[in-house]
1. Filter the range 90-115 for residues that are under 26 Å from Gly148 (Cβ atoms) and of a type in the set (Gly, Ala, Ser) and give the result.
2. Looking at the range 170-199, which of its residues are of a type in the set (Phe, Trp, Tyr) and modelled with pLDDT of 75 or more?
3. Got a number for residues in the range 126-161 being small (Gly, Ala, Ser), within 22 Å of the chain's Cα centre (by Cα) and farther than 18 Å from Leu85 by Cβ?
Amino acid sequence: MKAVNNTSLKLKSSAAAALLLSLALGLFGNASPVLAHGGEDHGDEKPKTATTTAGAVTRTTRLGDFEVTLKHSLLEPDAATTGRLFVTRFATNEPVGDANPAIEIESAKGALTEVPVEKTDAAGSYTVRIPALPEGAYTVRVKTNAGGSTNTATFSGVEVAHQEAAAESGGSSWLQTALTALLGLIALALFAGLVYFAVRVVKNKPLGEETVSA
């Protein structure tokens, strides 16, 4: 009688373990990665944008043999600002002094605005005079011409908006990230419980075995 009860309990334990495994896989499959931050590629695949808490925006991408970095403050509607452009060699990070960069900004309606670029005393460093722009979404293009080769880096989705609106958007994004992180923690806790449960089953020690009588 005890052997039959143990066999039945083991089958139930195996079924429960399979169910827990399915739930864990479902959670991990739907959860977005939160903590992963490896695989830096210097922008050779897609342009990268980072914004500091002080409101400094950095846009970086690979452009042929070069790496282009554009830094500026948050863009306010109808307000001109000054930024910096850095052009370096992608392989060595060496400044490029003869890149001859040019920048243009295109509005959502296709209107083009030329952005003055001035060379500084530092090699590979340029001052960018971003003119006043109406509120909206823009595309920024950075062109380089060195060694007879012309290349263009494209930064899309550049927003010109009031800082208050940008702060509200950032708060919403933070909340979404926090919720995703919480979901990841729940999934990890469930997975840990699944591992413990599976170890008990493998060792032929089903939960509650000590309560089964002959």
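The values are calculated or read from the model by the stated rules, or taken from the named source; none is laboratory data. In this text, all values refer to a predicted model and were calculated from it rather than measured experimentally. Ideal geometry is used to build each Cβ from the backbone, glycine not excepted, and the neighbour counts take in all protein chains shown.
1. Ala91, Gly97, Ala99, Ala102
2. Listed by number, the residues that qualify are Phe191, Tyr196.
3. 3
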